[in-house]
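The structure under discussion appears below in the form of structure tokens.
Readers should treat all values here as calculations from the given coordinates under stated rules, not as data from a laboratory. Since the structure is predicted, the reported quantities are computational estimates derived from the model, not experimental observations. Cβ placement follows ideal geometry from the backbone for every residue including glycine, while neighbour counts extend to all protein chains displayed.
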There are 2 protein chains.
Amino acid sequence: MRVTIADVARNAAVSKTTVSRVLNGKGEVDAETADRVRAVIAKLGYVPSSRAVGLARGSNRTLAMLVPSLTWPWVGEVLQGVADTVEAAGYGLLLFTCNRGEDSMAQFTSQVSARAFDGVLVIEPENTLRSMAALHRQGLPLVMVDDRGQRPDFPSVATTNAEGAAAAAAHLLDSGRRAPLIITGPRHFGCVQDRLTGFVGVLRERGVAQPAARVAAGDFTVRCGQTVIERALTEGIPFDSVFAHNDLSATGALHALRAAGRRVPDDVAVIGFDDIPIAAYTEPPLTTVRQPMRAMGEAAARRMIEHLGGVTPLQAAPTVLPTEFVIRSSAPG
Amino acid sequence: MRVTIADVARNAAVSKTTVSRVLNGKGEVDAETADRVRAVIAKLGYVPSSRAVGLARGSNRTLAMLVPSLTWPWVGEVLQGVADTVEAAGYGLLLFTCNRGEDSMAQFTSQVSARAFDGVLVIEPENTLRSMAALHRQGLPLVMVDDRGQRPDFPSVATTNAEGAAAAAAHLLDSGRRAPLIITGPRHFGCVQDRLTGFVGVLRERGVAQPAARVAAGDFTVRCGQTVIERALTEGIPFDSVFAHNDLSATGALHALRAAGRRVPDDVAVIGFDDIPIAAYTEPPLTTVRQPMRAMGEAAARRMIEHLGGVTPLQAAPTVLPTEFVIRSSAPG
DNA sequence: CTGAAAGCGCTTACAG
DNA sequence: CTGAAAGCGCTTACAG
């Protein structure tokens with residue numbers, strides 16, 4: 001059968017208490033006794049049952065990560081940052097996605113009640129901010145990787161959306177563009193508002209107007225990027241550049257422009273947002289506002305782990321990591 | 001404090017045993033008693049502690065998923081299929097990546113000993129087949145999503161690599177190409193051998209030779225696709241088409257061809273493998289051999305869950321899901 | 001149909 | 001420095 005702490009105790013001729021002490025390094029144990037116990041542990045290949053430890057301690061060094069979907073490049077990058085940090089700290093990572101909507105959330109909430117994990121890192125699934133906040137109020141340690149610019153009143157990690165968009169605007173103006181077409185993300189996202197404000201703000205400062213006709217509502221998909229460009233072309237809306245609120249829609253824009261015979265960047269310059277891995281390999285490679293996705297995941301995990309370690313109380317103030325402007329051929333300098 | 005089964009029992013004026021019975025639907029319970037217990041459970045908002053249940057039952061309805069990296073599109077798709085299936089079955093999903101090499105594997109193995117999960121689904125991290133096999137022999141329920149064509153002697157889910165590659169070859173020949181350049185994946189992967197055999201087999205059948213000079217070793221990265229094409233062009237190796245062993249390297253090939261002024265598909269037709277989401281948005285869109293990634297993840301999860309449910313013994317025979325040939329403009333019909 | 005008691009495998013006061 | 005015992009919150013024979 002399975003080797004238990006009792007087996008180790010018996011073999012080492014000590015009590016389970018002593019074994020537990022050398023296991024956890026708590027309390028004084030005679031050096032020789034400890035060595036003997038360690039030898040037995042090695043010989044028997046003993047590993048404490050995580051279930052038993054969890055029950056006894058009331059915590060199991062496990063974090064949950066809740067994400068809307070796993071097939072978005074952005075999410076994969078953040079998740080990798082989280083996984084690296086969590087694993088390095090010796091924590092487990094329980095993954096939850098929300099593909100089944102209400103059902104999924106109910107299941108997740110019930111796992112919270114079941115105390116299946118010590119804390120949760122979340123990339124907010126659509127319309128769950130309220131339930132997240134509720135869970136947080138009920139005492140669940142929570143850190144949000146805020147891709148929506150929600151500025152929730154619980155801990156979060158975000159990026160400088162307005163500044164990043166401002167850099168994009170300045171770059172376009174500096175290279176002589178005067179009529180950018182903006183493809184936004186979903187309008188109710190805070191990050192979309194921020195990117196809009198940051199971008200248009202620079203234009204206004206420099207005396208360039210941004211008519212509403214050149215601000216098109218997208219939804220962060222490749223498809224929407226195509227559609228917006230096709231429509232603008234059909235309607236004859238004049239534009240000499242595109243600022244898409246993410247790289248996926250920028251990719252769609254590149255496609256539609258090419259299909260319509262517009263050259264990038266000669267006729268139209270294109271800038272995206274995120275710098276997902278494929279951004280360097282679109283045709284032409286995409287100038288974009290890099291979000292430090294990996295680092296955001298790492299920061300979220302680190303805050304949570306430090307909190308659980310008792311070092312740092314979890315404060316609501318967001319950790320804001322800076323964007324970085326990446327120039328490639330779709331909008332050269 | 002936390003509501004426990006004892007609280008429910010007291011409030012419903014029954015024993016913990018009875019509460020447990022209505023919770024798990026095992027054993028006969030008087031209908032009225034059961035209703036009363038359920039009412040109390042609802043009123044108190046009681047949810048059983050997963051830690052306690054796990055310890056008592058010796059299993060916690062949790063699966064582990066071990067992956068090499070989370071930032072490859074292929075992995076994201078498979079993982080989504082796994083997550084959907086696992087969640088729908090009410091299981092938890094513990095995620096492990098292997099970014100820290102040996103250390104990671106040691107940690108994973110120790111989690112196995114700790115009985116932190118009931119079974120594991122794995123996309124094999126480099127060079128771990130041996131340890132996986134060992135864990136499986138020691139009784140760990142294991143299903144591998146076999147992207148390497150390893151044909152291990154434990155349960156796995158794979159795809160028809162040879163047939164898929166054969167379809168690609170037939171398509172190129174049918175459209176008049178006679179000199180394909182092959183960009184392989186790592187040579188020691190079984191899937192690479194299979195794709196090579198399947199592809200070259202069709203060529204041979206139709207009397208077309210495939211000289212070694214037109215078989216270049218790649219490593220599944222975008223970069224390798226670029227490098228191979230650049231080198232072939234420099235060395236003056238003649239080719240009228242490219243068969244890349246995955247979409248990422250095909251993307252690199254498209255890039256290098258364009259940079260060199262070769263038109264796709266007019267001068268060179270390009271076919272990839274996988275059909276990751278961006279394949280439809282490369283320039284031009286990529287003709288490719290689709291792997292049913294989502295379905296592979298789902299199948300792996302389903303086999304594991306059925307096994308754990310006691311329905312099906314886990315057999316070594318691989319589940320093989322068919323590839324599908326997807327024609328887009330990089331190699332039209 | 002129902003309950004008392006043992007057991008799952010640890011940790012942690014408490015006592016010495 | 002060390003150990004006996006209680007406790008974590010469930011499930012499961014066993015007995016009635």
*Got the B:Pro332 label distances to the other copies yet, label 7 Å along Cα→Cβ, in nm, shortest first?*
3.0
*Unit charges on C-beta of K, R, D, E only; dipole of the stretch B:5-48, Debye*: 160 debye
*If you wrap a convex hull around the C-alpha atoms of the stretch B:100-195 and split its volume per residue, what is the figure in Å³?*
105 Å³
*Please give the average number of partner chain Cβ atoms lying within 10 Å of the Cβ of each residue in B:280-293, rounded to a whole number.*
2
*Run through every distinct alpha carbon pair of the stretch B:5-48 and return the Kirkwood hydrodynamic radius in angstroms, one decimal place.*
9.9 Å
_Positive-end residue of A:Val200, A:His171, A:Val19, charge dipole of the protein assembly as shown with Cβ unit charges_ = A:Val19
*Note down the magnitude of the dipole of the stretch B:200-333 about its Cα centre, charges +1 on Lys and Arg C-beta and -1 on Asp and Glu C-beta and zero elsewhere, to the nearest 20 debye.*
80 debye
*Taking each label point as 7 Å beyond Cα in the direction of the beta carbon, state the distances from B:Gln315 to the same residue in the other copies, shortest first, in nm.*
6.1
_Neighbour counts of other C-beta atoms within 10 Å: give me A:His171, B:His188 arranged from fewest to most._
B:His188, A:His171
*Once phi is turned into θ = phi - 60°, what whole-Hz ³J(HN,Hα) does the Karplus curve with 6.51, -1.76 and 1.60 give for every residue of the stretch A:180-186, x standing for Gly and Pro?*
x, 9, 9, 10, 7, x, x
*asked:* I'd like to know how the protein assembly as shown sits against the 2.2 N^0.38 Å rule of thumb: what's its Cα Rg over that expected value?
replied: 1.07
*Chain B: which residue's Cβ hugs the B-to-A rotation axis most tightly, distance rounded to whole Å?*
B:Glu283, 2
*Normalised by the residues of chain B, what does the relative contact order come to in percent, with Cα pairs under 8 Å and at least six apart?*
17 percent
*Taking the Cα centre of the stretch B:79-167 as origin, sum charge times position over the Cβ atoms of Lys and Arg (+1) and Asp and Glu (-1), and report the length of that vector in debye to the nearest 20.*
280 debye
_Burial ordering of A:Thr62, A:Thr197, fewest other beta-carbon atoms within 10 Å first_ = A:Thr197, A:Thr62
*Which of these, B:Asp146, B:Asp194, B:Asp174, has the largest mean-square fluctuation under a Gaussian network model of chain B (Cα springs below 10 Å)?*
B:Asp174
_Can you tally the lysine pairs in the protein assembly as shown where the Cα-Cα distance is under 17 Å and the two residues are eight or more apart, or on different chains?_
4
*asked:* Using the Kirkwood radius over C-alpha pairs as Rh, can you work out the diffusion coefficient of chain B via Stokes-Einstein at 37 °C, viscosity 0.692 mPa s, in µm² per second?
replied: 146 µm²/s
*Per residue of B:57-67, count partner chain C-beta atoms within 10 Å of its C-beta, then hand back the mean as an integer.*
2
*So in the protein assembly as shown, what percent of DSSP beta bridges are antiparallel if you round to the nearest 5?*
10 percent
_Considering only C-alpha atoms, what is the centroid distance from the stretch A:74-141 to the stretch B:288-333, in Å?_
28 Å
_Based on alpha-carbon centroids, what's the gap between the stretch A:157-203 and the stretch B:229-258 in Å, whole number please?_
37 Å
*Options B:Leu44, B:Leu135, B:Pro322, ranked by Cα towards positive dipole end of chain B, top entry (Cβ charges)*: B:Leu44
*For the charge dipole of the stretch A:161-291, defined by +1 on Lys and Arg C-beta atoms and -1 on Asp and Glu C-beta atoms about the Cα centroid, which residue among A:Leu254, A:Pro186, A:Gly236 has the Cα displaced farthest towards the positive pole?*
A:Gly236
*asked:* Quick check of the Kirkwood formula: for the stretch B:161-291, what is the inverse mean of 1/r over all pairs of different Cα atoms, in Å?
replied: 14.0 Å
*Candidates per GluC sites (Glu not before Pro) in the stretch A:202-297, loop by DSSP, up to 12 other Cβ within 10 Å*: A:Glu235
